[in-house]
Each structure stands twice: as structure tokens, then as C-alpha cells.
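Here the structure is laid out as C-alpha cells; the discussion comes afterwards.
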Amino acid sequence: MKKFNVGIIGYGWAARAHIEAINATQQAQVSAVYSSRPLESSQLSAQHGGNIKAYQDFDAFLADPDIHIVDITGYPSLHCQQAIAAAKAKKHIILEKPMANSLEEVRAIVAAADANGVKGCVCFELRFSGQMIATRALIEQGLLGELHYAEVDYYHGIGPWYGQFRWNTGKKEGGSALLSAGCHALDALLLCMGGEVESVTSMSTKSKSDVFAPYEYDTSSVTLLKFKNGAVGKCAAVVDCFQPYYFHTHLVGSQGSLLDDKFHSQKLKSDKGRWSQLAVQLADSGDVNDHPYQSQFEAFFGALEAGQHMPLTSFKDALRTFEVIFAADQSAAQGGAPVHLA
């Protein structure tokens with residue numbers, strides 16, 4: 001028997017990807033699913049393996065003593081109340097992004113977890129992708145030197161052909177292009193740069209295409225970041241484009257540069273007229289089935305076994321990212337006026 005039982009909140013496409021990834025680990029299995037829709041325990045068990053109990057009563061779900069971890073995959077507007085309730089029930093928490101739809105709610109989740117002695121994992125799973133692991137290794141080994149400029153951009157047309165479109169178009173659930181999708185790019189930028197953000201300036205706009213007309217908010221934004229160490233960065237979040245998914249990553253340092261899966265380093269004394277190639281799989285899909293959830297969840301379960309906080313994507317790691325995201329959205333709402341972070 002594996003060590004941890006996980007109860008899933010929600011049963012959409014993210015939930016199904018999480019179930020597959022959790023059950024593939026050696027440390028945990030999904031033992032329950034809560035959904036507002038009626039589900040059959042026998043069908044869930046047959047489809048996903050194991051013994052999965054279906055709940056339609058949220059309080060009964062949280063009261064189940066056999067659930068050790070709650071995995072929240074439902075609508076973003078419900079994340080705060082569900083995460084706080086899970087923390088009060090003394091359940092550790094996996095939380096899909098965005099953590100919540102306001103900075104106040106995000107901070108409330110972190111405070112509730114701290115007050116109840118539970119640990120959290122936020123699904124910034126691209127930190128566990130092969131691309132980001134290799135990129136961090138280049139940085140940590142000094143092959144790029146000290147970074148002074150970075151661009152990490154998110155281009156992914158989220159139209160009617162994409163499952164998220166159904167709920168992502170509304171301000172209540174989507175929030176902004178940066179919050180609903182581009183957060184992965186901004187989070188990766190912060191991971192690479194490392195330093196504290198001093199201020200952000202953001203501007204946003206929207207496609208004239210009828211395809212994206214249902215959106216209640218601007219669907220393209222660009223954010224400029226100034227770091228306290230003098231470095232600068234740029235993050236575009238574009239969900240109204242007609243093109244293949246592209247997670248653009250360009251880092252510039254005192255000893256070299258990286259562009260997606262290519263790099264040049266003065267330390268290697270190679271021809272600076274040509275890129276060297278990294279043998280990694282790029283983050284080239286928005287499909288949740290292609291995301292490295294299993295690696296992230298294995299790290300979380302390992303941390304719980306050791307009584308430690310989740311590496312890289314703990315609640316407090318993610319809070320840092322969302323502080324910058326909400327500051328950027330505030331700047332965009334103010335027509336691009338700079339917003340300083342406390």
C-alpha cells in the first residue's frame with residue numbers, strides 16, 4: 001500500500017491528468033473524488049484503477065480520515081474557500097494555478113496552511129520540466145555568468161477549440177491573460193533571475209478577432225520587471241494568437257546567452273557565431289497531459305515523507321510569483337503606471 005491517499009476536488013481535464021500522474025508515483029494513490037456532478041465510485045475505480053470513492057458532499061469529503069492530501073483542480077474562484085477548508089481539516093494541499101483570483105485570497109491560503117501545520121504544492125509544474133531543469137543547471141554552473149536581462153513569454157491561443165476557453169473567457173474565472181495562463185512564463189522568469197522584484201510596469205490589449213470576442217478582459221499583455229539588483233526582464237502573456245504554442249525563453253548574462261534550447265557560453269570558448277544545442281524537450285504544449293506533473297508530485301510526496309516543505313513550488317514560493325502577477329495586473333489597469341512591490 002502506498003503511503004498517501006489523495007482526494008481530488010473537481011473532475012475536469014486537469015483532474016484526470018493529476019489522477020494519472022499521482023497513481024503513477026510510488027508514494028501515493030487517488031482514493032476519492034469530490035465533484036458537484038454526480039459520479040459513480042465503481043466507474044471511477046474501473047477507469048483509473050484502485051478503489052476511488054465518489055463524493056458530492058464537500059464536508060463529508062473533507063471529513064474522510066483516510067484522505068491525507070487534497071488536490072484542488074476546480075474553478076479558480078473556488079480555490080480560496082476550498083484550500084482554507086482543506087487546511088482547517090488538516091489536509092496537505094496540491095493547488096492548481098492560479099492559487100486564487102486576488103492577492104488577499106492567496107495570502108489567506110498561505111496563512112491558513114501555516115496556522116494548521118499543513119504543506120502545499122502549487123502546480124507551477126514547468127519548474128520540473130526538462131527545459132527548466134537544464135536551464136537552471138546552466139545558470140547554476142555559471143555558464144551564462146550573471147544574468148542582467150531575460151525574456152520569458154507565453155504564446156498560446158486559447159480559443160473555442162481549447163477546453164479552458166469555456167470558463168476562461170469570464171473575468172471571474174480567467175482574471176487576466178497573465179493570471180490564467182501567462183503565469184507559467186512569469187514564474188519561469190522569476191525562477192531564472194532569482195533576485196527580488198522592485199517594480200513592474202504592464203500594458204495590455206485585445207485581439208480584434210471575433211473568435212476571441214467572448215473574453216471579458218484584455219487577452220494580450222506585456223510586463224516589464226525591474227529587479228533590486230539592477231537586472232530587468234520582460235514577460236508577454238498572449239492567449240489571443242493564431243500560432244503554435246510557444247514558450248519563448250531568452251536569457252542574457254555576463255558570460256553567455258540562452259535561447260529556448262540553444263545557448264552560447266564564453267567559458268566554453270566555442271564559436272559565438274553559432275549556438276550550442278541542449279538535448280531537452282521544450283515546453284511546447286498547453287495540453288495538461290504533456291505537463292511534468294508526475295515529477296512535481298513525486299517531489300511533493302517525498303518532501304511530506306521527510307517533513308519538509310515542497311521544493312521550488314511551495315505555497316510561499318508561489319506567493320512570490322503571484323505578488324508580481326497581481327502587481328502587473330494593477331499596473332495594466334492603471335494604463336501602465338509602475339507598481340512598486342513592498
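The values are calculated or read from the model by the stated rules, or taken from the named source; none is laboratory data. If you're wondering where the values come from, they're calculated on a predicted model, not measured in any experiment. Using ideal geometry, Cβ is built from the backbone for each residue, glycine included, and neighbour counts are taken over all protein chains shown.
If you check S41, S31, S35, which single one turns out to be surrounded by 14 or more Cβ atoms within 10 Å (Cβ to Cβ), farther than 25 Å from K88 by Cβ, hydroxyl-bearing (S, T, Y) and modelled with pLDDT of 95 or more?
Details: S31 fails: farther than 25 Å from K88 by Cβ; S35 fails: farther than 25 Å from K88 by Cβ.
It is S41.
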Test result for I158, modelled with pLDDT of 95 or more and under 21 Å from L78 (Cβ atoms): yes
First in segment 307-327 and on the phi > 0 side of the Ramachandran plot, second anywhere and assigned to a helix (DSSP H, G or I) and at pLDDT 95 or above, Cβ under 6 Å, 6 or more apart: L312/R127
Residues of segment 241-268 satisfying the condition of being surrounded by fewer than 22 Cβ atoms within 10 Å (Cβ to Cβ) and under 30 Å from Q164 (Cα atoms): C241, F242, Q243, P244, Y245, Y246, H248, H250, L259, D260, D261
Residue satisfying condition, being touching a helix residue (DSSP H, G or I) at 6+ places or on another chain (Cβ under 8 Å), surrounded by 14 or more Cβ atoms within 10 Å (Cβ to Cβ) and either closer than 30 Å to T169 by Cβ or among the basic types (K, R) (or both), within set L224, L282: L282
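Filter segment 5-18 down to residues that are more than 21 Å from E305 (Cβ to Cβ) and touching a strand residue (DSSP E or B) at 6+ places or on another chain (Cβ under 6 Å), then give me how many there are.
Taking segment 5-18 and keeping what is more than 21 Å from E305 (Cβ to Cβ), we get 9-17.
From what's left, touching a strand residue (DSSP E or B) at 6+ places or on another chain (Cβ under 6 Å): 9, 11, 15.
The total comes to 3.
Condition first: in a helix (DSSP H, G or I) and over 20 Å from A342 (Cα atoms). Now tell me which residues in segment 184-205 satisfy that. Walk me through it before giving the result.
From segment 184-205, those in a helix (DSSP H, G or I) are 184-193; that's our starting set.
Passing the criteria: H184, A185, A188, C192.
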Residue ID - farthest from F301 (Cα to Cα), chosen from residues in segment 4-15 that are modelled with pLDDT of 95 or more and of a type outside the set (G, A, S): Y11
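Test C241 against the criterion of being part of a loop (DSSP other than H, G, I, E, B) and either touching a strand residue (DSSP E or B) at 6+ places or on another chain (Cβ under 6 Å) or modelled with pLDDT under 95 (or both), and give yes or no. Before you say what the answer is, go through the steps one by one.
On the way: part of a loop (DSSP other than H, G, I, E, B): yes; either touching a strand residue (DSSP E or B) at 6+ places or on another chain (Cβ under 6 Å) or modelled with pLDDT under 95 (or both): yes.
So C241 fits the description; yes.
Given the criteria of a type outside the set (D, E, K, R) and assigned to a loop (DSSP other than H, G, I, E, B), does Q26 qualify? First the steps, then the outcome.
Values: of a type outside the set (D, E, K, R): yes; assigned to a loop (DSSP other than H, G, I, E, B): yes.
Yes.
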Conditions (1) assigned to a loop (DSSP other than H, G, I, E, B); (2) touching a residue at least 12 places away in the same chain (Cβ under 8 Å): number failed by K208: (2)
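With segment 72-173 as the region, which helices (runs of 4 or more DSSP H) entirely inside it contain at least 1 residues that are under 24 Å from S295 (Cβ atoms) and not aromatic (F, W, Y)? Even if it seems obvious, please write down each step before you answer.
Numbers: elements: 79-88, 103-116, 130-140, 165-168.
Per the criteria, 79-88, 103-116, 130-140.
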